[in-house]
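Following: one structure in structure tokens, then a few remarks.
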Amino acid sequence: MNEKSNSYPVFFMLIVTLVFIGILAVMYRFSEAKIIQNERQEYQLQLLGLFADEIETRGILKKDALLAKEKLEDNFKSYVQELELPLADRKAYEVRADSILLGYCFDVLGNGLWGTMRALIAIDPSGTRILNLSIYKQMETPGLGARIEEPAFRKQFSGRTIYENDEIREFVLIPEDQEASRDVEIRQITGATITSSSVLKMIRDELGQIFELNIGEEE
Amino acid sequence: MEISSFVLFWAAIFTSNILLTNFLGMCSYLSVSKEVESSFGLGMAVFFVLTATSALNWIVYHKILVPAGLVYLQFIVFIIVIAAFVQLLELIIERYAPALYYTLGIFLPLITVNCAIFGVSLFLVIRNYSFGQSVAFGAGSGIGWLLAILMLAGIRKRMKEKLVPLGLQGAGIALIITGIMALAFIGFSGIVNVQ
Amino acid sequence: MTKKEIFLVSAFRENSVWKQILGICSSLAVTNLLMNSLIMGLGVIFSVALANFTISLIRNWTPRSVRMMVQTLIIGSYVIIVDIFLKANMPQISKQLGPYVGLIITNCILMGRAEAFAAKNNPLDSFIDGLGAGIGYTLVLLAIASVRELFGFGTFFGFQVLGSWWTKWSIMVMAPSAFFILALFIWIINNKYYKVKA
């Protein structure tokens with residue numbers, strides 16, 4: 001094509017590629033540990049956060065102290081213990097403070113509109129009431145379905161009973177601007193009906209599966 | 001218990017059209033939609049490339065990048081795979097199907113920079129789709145994109161003689177039409193149920 | 001042109017969004033919240049300014065035949081840097097933006113500025129041009145997002161502005177509103193600043 005040798009473009013491309021990949025690789029190596037650490041911390045924060053009110057009202061530890069970034073790892077170790085459950089891909093935890101059982105926490109998964117969601121469900125020691133819910137991973141549309149992560153939606157599940165006539169109860173969606181008048185009603189997220197009902201379905205299916213194992217009663 | 005490919009395919013066309021709800025591929029959508037024929041050509045090219053690159057990028061990601069621990073390079077690798085595939089396709093079509101080349105070929109260079117193609121590749125790794133799901137999602141998104149650009153081109157053809165406020169002519173009115181189309185597509189949201 | 005002119009032309013007079021309708025694909029989807037739009041905009045400013053600078057720096061050694069590949073590679077690298085930075089330092093936001101950070105690569109503005117400006121001008125000017133293009137783009141995103149967030153959630157950057165009496169317009173949170181607002185926006189700008197010939 002021109003008087004320069006044909007190999008020059010290839011050579012040039014190679015150099016540029018190597019330089020940039022090199023820069024990226026170095027940058028990634030330095031951030032990798034931090035990214036993994038972030039994920040771990042986020043998980044611990046979510047899990048302990050579900051029990052933070054409970055722990056504070058019992059006068060064991062203030063919320064801020066419990067969830068302080070530096071203390072997170074230690075607190076997680078001292079309050080949370082993993083249980084062995086024969087459920088693939090789902091973890092279960094027992095949360096104790098000073099040998100008092102505060103409740104259980106299940107790491108569950110279900111299908112959203114776009115992909116797998118993962119959530120932590122906190123259950124009271126008797127296994128009859130949802131204490132708290134946190135959806136920590138989801139692929140839903142930002143600003144729409146992704147709002148299932150927001151407290152306004154997930155806090156609705158706090159205190160709801162799980163059983164109704166010996167069956168796992170089925171929650172019902174109502175429009176976002178209405179007040180829930182019955183114990184089974186959950187205000188949905190406007191514009192994200194499928195995502196909202198996927199959350200309900202996930203809770204129902206997963207709790208059903210877990211309670212077939214009867215761990216709640218073992219205590 | 002994974003979302004079925006069939007559901008994803010339909011969801012990608014109707015309930016969450018890649019263009020009407022994710023806004024991907026807008027640039028060529030707005031500029032090419034002036035004529036129905038070229039819209040169809042571009043739409044077909046997008047559909048074909050999208051389906052193929054979804055499969056390719058899934059393989060590259062799960063069989064090369066993940067085992068090699070190079071996931072952080074995914075953006076560059078995906079765009080190179082797409083560019084290389086488009087180039088290859090252009091060569092093959094030119095060589096073996098000259099007639100097709102005249103209708104489709106001119107659109108191929110436009111495709112590498114079409115965000116829809118790249119976007120779908122990113123969506124499928126972020127959402128951790130299986131191979132089957134990826135191909136279904138890619139094909140559905142392609143058809144959805146084709147559908148959207150064809151509809152806009154059809155409407156714009158009819159709009160030609162109509163009076164449009166000066167400041168809105170061109171892109172402005174095309175955006176408004178697209179908005180109305182997007183509204184109409186919300187009506188489809190009931191047809192897909194995620195199991 | 002002085003540096004200031006380069007900036008102003010690239011940010012306003014030749015603003016990619018309302019003059020050329022470029023680059024909206026990658027971020028219109030996140031404009032229902034101001035915070036996401038701002039971060040997305042900052043990502044674009046960073047990538048376009050530095051990519052312009054780098055491309056301009058090596059423009060005299062870049063062989064014509066691989067120019068596009070080199071540009072894509074450089075743009076891609078800066079976007080990956082943004083992505084890694086967000087993942088490491090702002091995990092919450094990185095999670096919310098999901099694939100949209102990566103989509104900055106296919107944002108036509110980056111390629112457009114590289115081709116139209118950086119390939120012909122010196123590094124400093126290219127940097128300023130990129131900065132201008134990125135800031136102009138971010139302003140448009142923020143303008144759209146402020147309408148959508150205000151009417152859709154009653155909030156502004158997450159702070160409650162409209163009280164509980166406000167009925168949230170769910171349409172504003174959903175996709176169609178972005179098309180309408182962008183169209184209105186272009187209309188207003190066209191009428192006000194570019195006297196369209198009758």
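The values are calculated or read from the model by the stated rules, or taken from the named source; none is laboratory data. What you are looking at is a predicted structure, and each value in this text was computed from that prediction instead of being measured. No Cβ is skipped: glycine too gets one built from the backbone with ideal geometry, and neighbour counts run over all protein chains shown. We work out accessible area using only protein heavy atoms, side chains counted, and drop any ligands, DNA or RNA first. Shrake-Rupley method; radii C 1.70, N 1.55, O 1.52, S 1.80 Å.
Being surrounded by fewer than 24 Cβ atoms within 10 Å (Cβ to Cβ) and hydrophobic (A, V, I, L, M, F, W, C) is the filter; apply it to the stretch B:123-148 and report the residue that is nearest to the other protein chains (Cβ to nearest Cβ). Step by step, filter the stretch B:123-148, then rank; the result is B:126.
If you filter the stretch B:26-40 down to residues that are crowded, with 19+ Cβ neighbours inside 10 Å and closer than 11 Å to residue B:146 by Cα, you find that the one that is farthest from the other protein chains (Cβ to nearest Cβ) is B:39.
Filtered by the rule that a residue be open to solvent by less than 20 Å² (accessible area, probe 1.4 Å) and more than 8 Å from chain B (Cβ to nearest Cβ), the stretch C:151-180 gives C:152, C:154, C:155, C:173. Quick one: is residue A:49 more than 11 Å from every other protein chain (Cβ to nearest Cβ), within 28 Å of residue C:85 (Cα to Cα) and open to solvent by less than 80 Å² (accessible area, probe 1.4 Å)? It is true that residue A:49 is more than 11 Å from every other protein chain (Cβ to nearest Cβ), within 28 Å of residue C:85 (Cα to Cα) and open to solvent by less than 80 Å² (accessible area, probe 1.4 Å).
The residues listed here are A:121, A:148; of these, the one that is at pLDDT 85 or above and within 14 Å of another protein chain (Cβ to nearest Cβ) is A:148.
Would you mind stating whether residue C:185 is in a helix (DSSP H, G or I), among the aromatic types (Phe, Trp, Tyr) and without any contact (Cβ under 8 Å) to a residue 40 or more places away in the chain? The answer is no for residue C:185.
Scan the stretch C:40-62 and give yes if some residue there is β-branched (Val, Ile, Thr), over 14 Å from residue C:127 (Cα atoms), within 12 Å of chain A (Cβ to nearest Cβ) and assigned to a helix (DSSP H, G or I), otherwise no. For the stretch C:40-62, residues β-branched (Val, Ile, Thr), over 14 Å from residue C:127 (Cα atoms), within 12 Å of chain A (Cβ to nearest Cβ) and assigned to a helix (DSSP H, G or I): absent.
Table: residues versus (1) open to solvent by 60 Å² or more (accessible area, probe 1.4 Å); (2) in a strand (DSSP E or B).
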| site | (1), (2) |
| --- | --- |
| A:141 | no, no |
| A:146 | no, no |
| A:173 | no, yes |
| A:190 | no, no |
| A:204 | yes, no |
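Criterion applied to C:130, C:152, C:112, C:134 was being over 20 Å from the mean Cα position of the chain (by Cα), in a helix (DSSP H, G or I) and in contact (Cβ under 8 Å) with a residue 24 or more places away in the chain, and the one residue passing it is C:152.
With respect to the conditions (1) closer than 18 Å to residue A:121 by Cβ; (2) without any contact (Cβ under 8 Å) to a residue 60 or more places away in the chain; (3) among the hydrophobic types (A, V, I, L, M, F, W, C), residue A:189 falls short on a single one, namely (1).
Residue pairs whose Cβ atoms lie under 7 Å apart, sitting 6 or more positions apart in sequence or on different chains, and linking a residue in the stretch A:114-137 that is under 22 Å from residue B:3 (Cα atoms) and without any contact (Cβ under 8 Å) to a residue 40 or more places away in the chain to a partner that is open to solvent by 10 Å² or more (accessible area, probe 1.4 Å) and of a type in the set (Phe, Trp, Tyr), are A:118/A:136. Residues that are surrounded by 15 or more Cβ atoms within 10 Å (Cβ to Cβ), within 26 Å of residue B:122 (Cβ to Cβ) and among the charged types (D, E, K, R) do not occur anywhere in the stretch A:93-102.
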